[in-house]
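K.L.:
Mind having a look at this structure? Questions to follow.
The values are calculated or read from the model by the stated rules, or taken from the named source; none is laboratory data. Nothing here was measured: the structure is a model prediction, and the numbers come from that model. Note that each Cβ is placed from the backbone with ideal geometry, even for glycine, and that neighbours are counted across all protein chains shown.
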Amino acid sequence: MFAALSEKLGGIAERLRGTARVSEKDLDATLREMRLALLEADVALPVVRFLIDEARRRALGAEVAKSLQPGQVIIKILHDLLTEVLGGQRRDLDVSRIPSVVLLCGLQGAGKTTTAGKLARLLRTQGRKVALTSVDATRPAAREQLQILAGQVGVPYIVGEGETAEAMAVSALDQARTQGHHILILDTAGRQVVDEALMAEIRAVAARVEPSERLLVLDSMTGQTALTIAEQFHAALSLTGCILTKTDADVRGGAALSVARSTGVVIRYVGTGEKIGAFEAFDPGRFAGRILGQGDVVGLVEKIQATVDREKAERAARKLKKGEFDLMDFAEQLGQMQNMGGMAGMLKMLPGMKLPKDALAQLDDKPIKRMQAMIYSMTPKERRYPKIINGSRKRRIAAGSGTSVQELNQMLKQFAQMQKMMKKMKGAKGRRMLAQLAGRFGGMPGAR
Ligand code: GDP
Ligand code: MG
């Protein structure tokens with residue numbers, strides 16, 4: 001599905017892949033192509049504009065890790081953007097209430113009745129106790145269609161009593177409750193066009209049975225009008241999502257993006273064919289991946305971005321091991337403590353390292369800030385060669401950092417001890433010493 005969009009965007013992504021340098025001009029050209037692809041896919045103009053502007057903004061602001069290529073980062077940006085616009089995380093139906101009502105609405109021929117059957121079947125295979133009902137008060141044939149479908153998928157059909165859709169819905173819900181069903185899927189009447197009578201009827205039904213999910217069934221072939229339809233149903237019912245049908249017949253797929261971005265109504269399921277099993281839960285991330293066809297790149301970028309912080313820590317750990325660790329490195333590590341478990345996190349990078357459990361818990365911000373302040377009040381030379389810090393220098397540093405000479409002495413003593421240990425450190429014994437050291441940071445004089 002969405003073959004055309006996928007082909008175009010996939011082609012763009014394929015070319016970006018492995019691009020070592022992306023100039024602003026290249027980026028503009030890429031985004032122009034993307035804009036065209038989105039327009040051809042029938043994505044609404046304001047949505048296209050948003051996607052392009054946002055992609056540019058993120059691409060220009062992106063930090064590219066050394067081991068990544070800009071092209072790869074842009075693919076990841078596009079992937080994240082599409083995923084976000086399509087609703088982010090996949091969301092399961094909210095069926096926490098017993099019984100929960102799932103109301104399906106939409107225009108005639110959109111695929112509501114078929115979808116009711118498909119959804120019932122899917123939920124039943126997930127072990128839910130599901131029942132179906134139709135509240136099309138004027139067309140007995142429509143109700144019969146669903147009843148037959150229910151029989152085919154092996155889900156009970158409940159006959160709602162009454163003359164109006166509202167009465168039928170209330171009756172069906174009562175029966176579902178007494179029969180111990182968990183989920184009642186409610187199929188409603190459609191119209192050729194959205195009209196006030198239809199909206200009033202469906203609002204009345206919703207007011208009475210309070211559906212936990214109000215899903216718009218939307219024919220993906222509807223094109224640009226999908227947006228208007230979604231807006232009107234959303235205004236009347238405050239939709240919780242939509243189900244896009246006939247995606248097997250639609251090569252453009254722009255409606256999905258337009259509706260999601262413009263109304264915030266995200267796709268929850270898609271119908272992919274006439275057969276009862278042609279139905280699946282919609283996963284924005286997977287879908288974005290399918291459009292771009294670059295799942296491997298996206299995974300790679302995620303992994304690398306996560307390891308950049310780790311690499312920094314590893315570099316410091318190597319220096320530490322070689323005994324080249326100076327006060328400036330110390331200050332930098334202290335700075336990282338707040339966001340990544342700092343010294344302990346770094347020490348963990350050494351193979352075979354086991355840390356005392358409470359080493360991390362003992363580290364709190366304030367002593368770290370004080371230690372940093374002392375180091376920043378030193379001259380570069382003092383940081384590199386702490387031995388030159390004599391009495392008058394100490395008074396200057398303590399005054400400059402708002403600490404005391406005594407505190408400074410303690411810090412320097414700890415640091416000197418650490419450096420000494422670093423130099424001696426080899427093998428398992430050294431690692432044990434490092435672990436002890438990490439434990440001791442919590443007990444440092446400043447760390448009251
Ligand atoms: P309703 O009026 O909204 O209840 O629509 P129906 O459920 O009666 O479906 C109208 C037509 O669309 C039927 O011919 C269905 O077989 C067809 N249909 C529904 N969903 C899909 C789908 O995902 N793919 C295809 N190809 N056809 C579908
Ligand atoms: Mg129907």
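K.L.:
Go through Arg35, Arg49, Arg15 for me and flag whichever is of a type outside the set (Asp, Glu), surrounded by fewer than 15 Cβ atoms within 10 Å (Cβ to Cβ) and under 20 Å from Gly254 (Cα atoms).
P.N.:
Every option except Arg49 fails the conditions.
K.L.:
Right, something else. Against the definition (at pLDDT 95 or above and away from ligand 1 (no atom under 16 Å from the Cβ)), how does Val73 come out, yes or no?
P.N.:
Criteria not met by Val73.
K.L.:
For the condition touching a helix residue (DSSP H, G or I) at 6+ places or on another chain (Cβ under 9 Å), under 23 Å from Gly117 (Cα atoms), outside the structural domain of Ala41 (by TED's automatic domain parsing) and at pLDDT below 95, what is the one hit in Leu218, Leu257?
P.N.:
Leu218
K.L.:
Could I ask something else about it? Considering only residues that are more than 14 Å from Asp248 (Cβ to Cβ) and exposed (fewer than 15 other Cβ atoms within 10 Å of the Cβ), which ones fall in the range 264-280?
P.N.:
Correct list: Gly264 only.
K.L.:
Continuing with this model, one more query. Regarding Ser23, is this residue touching a helix residue (DSSP H, G or I) at 6+ places or on another chain (Cβ under 6 Å) and either in contact (Cβ under 8 Å) with a residue 40 or more places away in the chain or of a type in the set (Gly, Ala, Ser) (or both)?
P.N.:
No.
K.L.:
Residues that are under 36 Å from the mean Cα position of the chain (by Cα) and modelled with pLDDT of 80 or more: which helices (runs of 4 or more DSSP H) entirely in the range 345-448 hold 1 or more of them?
P.N.:
Here the list reads 365-376.
K.L.:
Continuing with this model, one more query. Any idea how many residues of the range 137-163 are β-branched (Val, Ile, Thr) and modelled with pLDDT under 95?
P.N.:
2
K.L.:
Still on this model: With respect to Thr19, determine if the residue is over 22 Å from the mean Cα position of the chain (by Cα) and not in a loop (DSSP other than H, G, I, E, B).
P.N.:
Considered against the rule, which asks whether it is over 22 Å from the mean Cα position of the chain (by Cα) and not in a loop (DSSP other than H, G, I, E, B), Thr19 comes out as no.
K.L.:
Among Ser134, Ser171, which is the only one that is touching a strand residue (DSSP E or B) at 6+ places or on another chain (Cβ under 6 Å), among the hydroxyl-bearing types (Ser, Thr, Tyr) and at pLDDT 95 or above?
P.N.:
Criteria check complete, one pass: Ser134.
K.L.:
Which numbered condition in (1) part of a helix (DSSP H, G or I); (2) free of Cβ contacts under 8 Å to residues at least 12 places away in the same chain is the only one that Lys275 fails?
P.N.:
In the conditions (1) part of a helix (DSSP H, G or I); (2) free of Cβ contacts under 8 Å to residues at least 12 places away in the same chain, Lys275 misses (1) alone.
K.L.:
Any residue at all in the range 104-112 that's surrounded by fewer than 22 Cβ atoms within 10 Å (Cβ to Cβ), among the polar types (S, T, N, Q), at negative phi and modelled with pLDDT under 85?
P.N.:
There is no residue in the range 104-112 that is surrounded by fewer than 22 Cβ atoms within 10 Å (Cβ to Cβ), among the polar types (S, T, N, Q), at negative phi and modelled with pLDDT under 85.
K.L.:
Would you mention how many residues in the range 114-155 are of a type in the set (Gly, Ala, Ser) and over 37 Å from the mean Cα position of the chain (by Cα)?
P.N.:
Here the count works out to 4.
K.L.:
Which of the residues belonging to the range 96-112 are part of a loop (DSSP other than H, G, I, E, B), away from ligand 1 (no atom under 16 Å from the Cβ) and under 19 Å from Thr188 (Cα atoms)?
P.N.:
Selection gives Pro99 alone.
K.L.:
Next question. Given the criteria outside any loop (DSSP other than H, G, I, E, B), basic (Lys, Arg) and touching a Pro at 6+ places or on another chain (Cβ under 7 Å), does Arg268 qualify?
P.N.:
no
K.L.:
What's the number of the condition Thr115 fails, among (1) of a type in the set (Ser, Thr, Tyr); (2) within 11 Å of ligand 2 (Cβ to nearest atom); (3) assigned to a strand (DSSP E or B)?
P.N.:
In the conditions (1) of a type in the set (Ser, Thr, Tyr); (2) within 11 Å of ligand 2 (Cβ to nearest atom); (3) assigned to a strand (DSSP E or B), Thr115 misses (3) alone.
K.L.:
Report, by residue number, each residue of the range 174-191 that is more than 16 Å from ligand 1 (Cβ to nearest atom) and touching a strand residue (DSSP E or B) at 6+ places or on another chain (Cβ under 6 Å).
P.N.:
Ala176, His181, Ile183, Leu184
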